[in-house]
Amino acid sequence: MLNDSPKLDRTFQALSDPIRRGMLARLSRGPASVSELAAPLPISLPAVLQHLKALEASGLVASRKAGRVRTVRLEPEVLSAAERWLGEQRSQWEARVDRFEAHLATITKEETE
């Protein structure tokens, strides 16, 4: 996955907000109506809808309207893609730290000899 992937950018942008992360945490337990998602939040319904719009644009959630009720569900594949990217980055960072530690050990050994 490329570092400049627009989809990855939208995912992390959506995850950057605590309200949206709270919505995702709730949706991890199963689908919910917009009203159910909005109930515990300290924001207005229009603000909730704006957050849901950002989550849908990122692909993290999908919604379906049945009559007057809009039900939202988590789309875990997109979250998995972000998790894979983070895992790749972590592997690279750990390899760099390992090389740095080896370099420091070499320098320390040379200084003590």
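The figures follow:
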| read-out | value |
| --- | --- |
| Selection from Ser5, Ala95, Ile43, by position along the positive dipole direction of the chain (Cβ) | Ile43 |
| Listed residues Pro31, Ala54, Ala81: farthest to the positive end of the dipole of segment 5-112 (Cβ charges) | Pro31 |
| Length-normalised contact order of segment 5-112 in % [C-alpha pairs under 8 Å, at least 6 apart] | 27 percent |
| Highest-first arrangement of 100-113, 22-35, 79-92, where packing means the average Cβ count within 10 Å | 22-35, 79-92, 100-113 |
| Helical segments meeting 18 Å axial Cα length and Kyte-Doolittle 0.0 threshold in the chain (DSSP H) | 45-58 |
| Dipole magnitude of segment 29-86, debye to nearest 20 (Cβ charges: Lys/Arg +1, Asp/Glu -1, about Cα centre) | 260 debye |
| Candidate lysines - alpha carbon under 17 Å from Lys7, same-chain residues fewer than 8 apart omitted | Lys53 |
| Candidates Ala62, Ala14, Ala95: whichever shows maximal mean-square fluctuation once the chain is modelled as a Gaussian network with Cα springs under 10 Å | Ala95 |
| Protection proxy ranking, peptides 39-45, 6-12, average beta carbon neighbours within 10 Å, highest first | 6-12, 39-45 |
| Rounded to the nearest 20 debye, dipole of segment 1-103 from Cβ charges on Lys, Arg, Asp, Glu | 620 debye |
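Just so you know, all these numbers are worked out from the coordinates, no wet-lab data involved. The structure presented is a predicted model; accordingly, all values stated were derived computationally and were not measured. With ideal geometry, Cβ positions are generated from the backbone for all residues, glycine too; neighbour counts draw on all protein chains shown.
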